[in-house]
1. Among (1) at pLDDT 80 or above; (2) not in a loop (DSSP other than H, G, I, E, B), which single condition is ASP55 missing?
2. Quick check on the stretch 142-163. Is at least one of its residues open to solvent by 30 Å² or more (accessible area, probe 1.4 Å), out of contact with any Phe, Trp or Tyr (no Cβ under 7 Å at 6 or more places or on another chain) and under 21 Å from PRO30 (Cα atoms)?
3. So if I check each of ARG183, ARG133, ARG168, ARG211, which one is open to solvent by 20 Å² or more (accessible area, probe 1.4 Å), charged (D, E, K, R) and within 29 Å of LEU32 (Cβ to Cβ)?
4. What number goes with the only condition from (1) at pLDDT 95 or above; (2) in contact with a Leu (Cβ under 7 Å, 6 or more places away or on another chain) that PRO163 does not pass?
5. Among the residues of the stretch 107-127, are any touching a Gly at 6+ places or on another chain (Cβ under 6 Å), touching a residue at least 12 places away in the same chain (Cβ under 8 Å) and open to solvent by less than 10 Å² (accessible area, probe 1.4 Å)?
6. GLY142: in contact with a His (Cβ under 8 Å, 6 or more places away or on another chain) and either free of Cβ contacts under 8 Å to residues at least 40 places away in the same chain or at negative phi (or both), yes or no?
7. Confirm whether ALA88 is closer than 30 Å to VAL210 by Cα, touching a strand residue (DSSP E or B) at 6+ places or on another chain (Cβ under 6 Å) and not charged (D, E, K, R).
8. Only residues that are of a type in the set (Lys, Arg) and either part of a helix (DSSP H, G or I) or touching a residue at least 12 places away in the same chain (Cβ under 8 Å) (or both): list them for the stretch 166-217, please.
Amino acid sequence: MVCAEAGTEGGTLWNGPSTSRALPAAVPRPDLFRIRDWTTGAYAYRAELYALAPDPMVSPRPVLDEDPGLPETWWKEMLAALDALAAAPPPSEREAVREEYLRRVIPEFTGHQVDDVTWTTAHGDLHYGNVTRGPHILDWEGWGRAPYGYDAATLYVYALLSPRAAARVRTELAPVLDRPEARTGLLTVCAQVLQAQDRVDFYAELASPVREHLAHL
């Protein structure tokens, strides 16, 4: 369930297209049964009722501590899902990552500069606690416009605690991560980790390998 200020211009959650209508059928996610919107005081709420995911999560927390041993078929399906999602027109009323934000935090926390940004549609929170071994992708409350490669970059950066797992992600998602336009997505995820390391435990764990990765980027 998510909420926002009622009457927000642009309809952050409720006036724009819902997940079920806006995202490609090729993106694997549980069936959406119903949506309920309501307003209480100054806030509007949305609850979405999904079918129970038929398979377990890849990880009990967002990051990988070891290689989960996902089969080649899993990676092929995930890559196809990322391609289908990125091919969907970026919604104008939903932003997973704001341009003002990435242009501020990338130079501040990574030392790199941002040039042109290729915008696509992204899940926005594609970590290992939000994907199952099906695979099914869960938790769609934050989907929207993001720099190309943002979701793939999240899967890669969140695997850096396990060099073996990170190497597998880097190989399997190379068709996305090797594209020049994916660099901004990768820098955004790295900047988010470093910005929040003092208040998010698993970001603190990732900070050192992220800095090492940035040194070679």
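The values are calculated or read from the model by the stated rules, or taken from the named source; none is laboratory data. Here the structure is a predicted model, which means the values were calculated and not measured. Ideal geometry is used to build each Cβ from the backbone, glycine not excepted, and the neighbour counts take in all protein chains shown. Accessible surface is based on the protein model in full, side chains and every heavy atom, while ligands, DNA and RNA are left aside. Shrake-Rupley method; radii C 1.70, N 1.55, O 1.52, S 1.80 Å.
1. All conditions pass for ASP55, except number (2).
2. Checking the stretch 142-163: at least one residue is open to solvent by 30 Å² or more (accessible area, probe 1.4 Å), out of contact with any Phe, Trp or Tyr (no Cβ under 7 Å at 6 or more places or on another chain) and under 21 Å from PRO30 (Cα atoms).
3. Residue meeting the stated conditions: ARG133.
4. Going through the list (1) at pLDDT 95 or above; (2) in contact with a Leu (Cβ under 7 Å, 6 or more places away or on another chain), PRO163 breaks only (2).
5. no
6. Spelling it out, GLY142 is indeed in contact with a His (Cβ under 8 Å, 6 or more places away or on another chain) and either free of Cβ contacts under 8 Å to residues at least 40 places away in the same chain or at negative phi (or both).
7. yes
8. ARG168, ARG170, ARG179, ARG183, ARG211
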